[in-house]
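The structure appears right after this line, and notes come after that.
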Amino acid sequence: MDLGAKRLELTRPGDAERQVVVPREQDRAEWSAEIDFVAAIRRERPVTLTDFATGLGYMAFLEAVARSAASGCRTVIDGGAIA
């Protein structure tokens, strides 16, 4: 993801090149999942998009992405999935 260029790219195992992903217009919105999740935990606003377990799994995924980016290697997400 290139936030400056507002571009999302996808590479699947075995692909030689990245593919640009263009979201449908109705799927575009300002991203606030992390803010919404933390606000729900703090009881600052109600949960509207997902339940706690799904939000926790998503945060574990983001943590694994950060570890992978820092190390340059694959990393294990808590729960056994690989990112």
(request) Using a 10 angstrom cutoff on alpha carbons, build the Gaussian network for the chain and name the most mobile of Arg67, Arg42, Arg12. (result) Arg12
(message) Which residue fluctuates most in the GNM of the chain (Cα springs below 10 Å): Ala39, Ala53, Ala16?
(response) Ala16
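What is the calculated FRET efficiency for Ala33 to Ala70, with r their C-beta to C-beta distance and R₀ = 25 Å, to the nearest 0.05?
That gives a FRET efficiency of 0.75.
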(message) Whole-Hz ³J(HN,Hα) for each residue in region 13-26, computed from phi via Karplus 6.51 cos²θ - 1.76 cosθ + 1.60 with θ = phi - 60°, x for glycine and proline: what do you get?
(response) x, x, 6, 7, 10, 6, 10, 6, 9, 10, x, 5, 4, 5
(request) Springs between alpha-carbon atoms under 10 Å, Gaussian network over the chain: tell me which of Asp51, Asp27, Asp15 tops the mean-square fluctuations. (result) Asp15
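All of the numbers you see were taken from the coordinates with simple rules; none came from a lab. Since this is a predicted model, take the numbers as computed values, not measurements. In this analysis, Cβ positions are derived from the backbone assuming ideal geometry, glycine residues included, and neighbour counts consider all displayed protein chains.
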